[in-house]
Amino acid sequence: MASTAVIDKAAPTRVVKYGSMSRDRKWALRWSYFFLGVFAMFSLVPPLYMFITSLKGSAEISAATNPWWVFHPTAANYVGLLTSNQFLRFFWNSAMVSIFVVTITMLISVPAAFALARMRFWGSATLATGVFLTYLVPDTLLFLPLFKMFAAFGDWTGIQLINRWYVLLIVYPTLTVPFCTWIMIGYFASIPKELDEAAIIDGASWFQTLTRIFIPVAMPGLIAATIFAFTVSWAQFLYPLVFTTSTDQLVLPVGIITTLIKGDVFNWGQIMTGALLGAAPPLIIYAFLMDYYIAGLTAGATKG
Amino acid sequence: MADVTLRKVIKRYDDVEAVRGIDLDIADKEFVVLVGPSGCGKSTTLRMIAGLEDITDGDIMIGGDVVNDVPPKDRDIAMVFQNYALYPHMTVAENMSFGLRLKHYPKAEIKSRVTEAARMLDITDLIDRKPKQLSGGQRQRVAMGRAIVRNPKVFLFDEPLSNLDAKLRVQMRIEIKKVHQKVRTTTVYVTHDQVEAMTLADRVVVMNRGCIEQIGTPNDLYHNPATRFVAGFIGSPAMNFVPCRLEEVGGKPLIRLTDRIAFPLPPARAARYQNVSRNEKLLLGIRPEHITEAKAHPEPGIETFDAVLDVTEPMGMETLIYFIVQGEEICGKVNPNAGARDGAPLRLAVDLNNMHLLNEATGVVL
């Protein structure tokens with residue numbers, strides 16, 4: 001209460017200045033809101049259109065009415081897909097592939113990044129750059145040689161990989177591991193060197209330093225890498241299109257396209273519904289992990 | 001509890017020799033401070049004792065055992081870093097007990113050790129906080145606590161107070177001294193701050209360019225520096241150096257600074273410098289506190305002269321004065337009431353009983 005009184009007393013004598021600084025700041029704020037608004041519209045209109053379309057029957061979709069309005073809303077598309085064993089199968093395949101890929105990616109890239117960021121060994125810097133360079137090779141360039149390799153592997157060992165959903169567990173990490181390793185190298189490198197030296201003096205082994213110091217401290221980076229790996233494996237289209245063909249082996253993005261487009265007949269209502277439902281899991285994962293994505297977790301480790 | 005011995009220890013990074021074959025004996029329970037300018041190899045030496053750096057050549061012994069190839073965790077040492085290096089995701093108690101938990105100490109023992117260390121460092125109330133909720137001084141206490149609970153053979157401090165503000169630094173300095181008086185563990189402390197070195201150390205090791213310049217007690221280094229580097233490094237404001245030479249006038253030795261300024265040497269000094277060549281280029285080293293305002297009845301060995309003051313710096317307790325002799329800026333300390341003013345002349349007295357004479361070429365104190 002005392003401090004309030006003091007502030008009140010001082011208030012009439014305080015001169016409020018409208019300097020060029022505050023005017024600049026105000027304009028900067030207006031512009032940033034303007035561009036944020038444009039960007040939000042740009043990215044939200046397509047999902048909105050998908051949602052509107054998903055509530056329409058086939059007749060209404062092809063009718064020449066206002067495409068932005070639903071005159072006869074129906075849940076038939078949702079019921080149809082969610083009761084279809086085939087669609088649930090795609091969903092299940094996608095989930096299995098994504099969860100396994102995220103796990104495999106993390107198990108490889110976290111120790112790899114730790115080694116590349118902290119253990120000084122011959123060629124470690126070159127290796128770190130090399131890891132990133134592999135990420136720059138596009139999948140459109142790789143799918144043919146990979147297909148030939150798997151085919152040859154099948155002929156040679158008798159183990160059939162092509163047209164099995166688990167082939168994707170081998171293929172996807174070629175995309176996720178380099179990038180996640182690279183993200184984690186960056187995060188690990190930002191951890192002060194003294195922290196692992198303190199741990200080593202405290203008696204921790206390399207493995208204990210990784211699990212008890214580095215992973216908890218680099219949790220935001222770990223989450224970023226997890227989100228990335230999940231998104232890549234959930235949304236990947238080219239590889240599953242090439243490597244899987246039987247309907248029971250398909251993942252969601254490919255499944256929707258191959259089963260809901262029959263010849264030149266596009267089942268738009270269900271395609272839109274499937275795409276919307278398919279976009280839900282990444283959204284849920286984002287929302288869930290964002291809570292743990294607390295920036296500045298390293299604050300307090302050292303001075304500054 | 002253990003002594004630490006370094007024998008001809010060398011550290012080479014590619015072509016650069018950071019530490020050039022140093023010998024050092026640190027007794028059990030001793031507090032030794034390594035001090036020197038940046039790049040003098042003091043931190044490298046400490047890190048070699050810790051085992052965080054391999055040694056290129058020589059031997060390091062802790063408690064009589066050669067530890068050259070012993071990993072840090074098996075050397076039974078604890079280290080406090082300049083930037084604290086606390087684990088940010090752990091509470092104060094978890095930070096302090098991390099080492100003990102890794103070694104699977106019984107829970108009760110860990111708890112009692114952490115409580116005891118927290119009480120000693122006055123951080124009992126902070127035990128459940130995370131490092132980011134602590135101030136710089138508190139973080140440094142936790143870092144010390146983490147070292148204390150381990151009850152190691154040797155404490156290593158790597159510039160632990162450099163990140164603190166001046167007031168807190170003085171406070172923590174006393175704190176560190178108190179802790180050492182209580183736990184009496186052999187301590188090696190690295191700093192670039194000569195005041196820290198003087199106040200904390202049983203013995204100070206002055207390092208320069210990868211070599212040890214001098215080892216001695218703080219008083220020893222202050223009053224009997226062996227080289228120009230030590231003489232100039234220890235003490236603040238630094239010792240003055242004026243080019244000079246010795247002369248013989250009527251059988252009495254004189255020290256000549258300029259054509260106009262020459263002082264007779266006090267008998268004790270005259271005897272000491274008897275064999276110094278009269279043609280040699282020398283430096284007179286004199287500390288600022290031995291240049292004061294002239295008194296009415298000067299004691300033997302105290303010579304007076306006149307100087308026009310360049311700049312004066314009133315410090316409250318004393319006033320620092322600066323004037324030029326032979327192109328060198330000389331600093332003195334006078335009484336605040338002596339009437340020292342910028343640009344004004346003042347009669348000054350120099351205490352030659354406390355002078356040092358150095359060889360200008362080699363920098364060795366004669």
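Each value in this text was obtained by applying a stated rule to the coordinates, not by laboratory testing. Predicted model, so just to flag it, every value in this text is computed and none were measured. Methodologically, a virtual Cβ is constructed for each residue, glycine included, from the backbone with ideal geometry; neighbour enumeration extends over all protein chains shown.
Descriptive notes on the structure:
- Between the beta carbons of A:THR134 and A:ARG164, assuming R0 = 30 Å, the FRET efficiency works out to 0.80 to the nearest 0.05.
- Unit charges at the beta carbon, dipole of chain B: most positive-side option, B:GLY64, B:HIS290, B:PHE305: B:GLY64
- Site pair A:ALA189 and B:GLN171 shows an inter-label distance of 3.9 nm when each label is modelled 7 Å from Cα along Cα→Cβ.
- Chain A, helix-only ellipticity at 222 nm - DSSP H runs n ≥ 4, -39,500 (n - 2.57), divided by all residues, nearest 500: -22500 deg cm²/dmol
- Vicinal HN-Hα couplings computed from phi for the range B:358-366 (Karplus, 6.51 cos²θ - 1.76 cosθ + 1.60; Hz; Gly/Pro x): 10, 6, 5, 6, 8, x, 7, 7, 8
- When the Gaussian network model of chain A links Cα atoms closer than 10 Å, the mean-square fluctuations of A:SER54, A:SER205, A:SER32 top out at A:SER32.
- Footprinting exposure proxy for A:TYR33, B:TYR189, B:TYR105 (fewest neighbouring C-beta atoms within 10 Å first): A:TYR33, B:TYR105, B:TYR189
- Within a Gaussian network of chain A (alpha carbon springs, distance under 10 Å), most fluctuating of A:ARG118, A:ARG212, A:ARG23: A:ARG23
- Across all Cα pairs in the range A:68-121, the calculated P(r) in 5 Å bins from zero up to the longest distance comes to 4, 15, 11, 11, 10, 10, 9, 8, 6, 6, 5, 3, 1, 0 percent per bin.
- Qualifying aspartates and glutamates (Cα of each under 15 Å from Cα of B:LYS11; at least 8 residues distant if same chain): B:ASP23, B:GLU53, B:ASP54, B:ASP57, B:ASP59, B:ASP69
- Taking 30 Å as the straight-line reach from the Cα of A:LYS148, the lysines in range (excluding those fewer than 8 positions away in the same chain) are A:LYS262.
- A protection proxy built from the mean count of other Cβ atoms within 10 Å ranks the segments B:220-228, B:294-302, most packed first, as B:220-228, B:294-302.
- Debye equation applied to the C-alpha atoms of the protein assembly as shown, log10 I(q)/I(0) at 0.07 Å⁻¹: -0.75
- nm² value of the averaged projected area, convex hull over the Cα atoms of the range B:213-366: 9.6
- When both bridge partners sit in chain B, DSSP labels roughly 75% of those beta bridges antiparallel.
- Estimated FRET transfer efficiency when R0 is 45 angstrom, pair B:ASP122-A:TRP92 (beta carbons, to 0.05): 0.15
- Counting Cβ atoms of other protein chains within 10 Å of each Cβ in B:87-96 and taking the mean gives 4.
- Entries of B:LYS42/B:LYS281; B:LYS8/B:LYS177; B:LYS42/B:LYS153; B:LYS132/B:LYS167 with Cα pairs more than 27 Å apart: B:LYS42/B:LYS281; B:LYS8/B:LYS177
- Shielding of peptide A:198-211 by partners, expressed as the average count of other chain Cβ atoms within 10 Å per residue Cβ, is 6.
- Förster-model FRET efficiency, 22 Å R0, B:ASP57 and B:ALA361, C-beta, rounded to 0.05: 0.10
- A crude spin-label estimate for the pair B:ASP14 and B:HIS104, with each label 7 Å from Cα along the Cβ direction, gives 4.5 nm.
- Lysines with Cα under 30 Å of A:LYS26, excluding same-chain neighbours fewer than 8 positions away: A:LYS9, A:LYS17
- Size descriptors for chain A (Cα atoms only): Rg and Dmax, in that order, 26.3, 89 Å.
- Viscosity 0.692 mPa s, temperature 37 °C, Stokes-Einstein D of the range A:139-259 from Kirkwood C-alpha radius, µm²/s: 194
- Kyte-Doolittle at least -1.0, axis length at least 18 Å by Cα - qualifying DSSP helices, chain A: A:20-54, A:85-118, A:124-136, A:139-157, A:173-189, A:219-235, A:268-290
- Simple label model, 7 Å out from Cα along Cβ direction - B:GLN326 to A:ARG30, nm: 7.2
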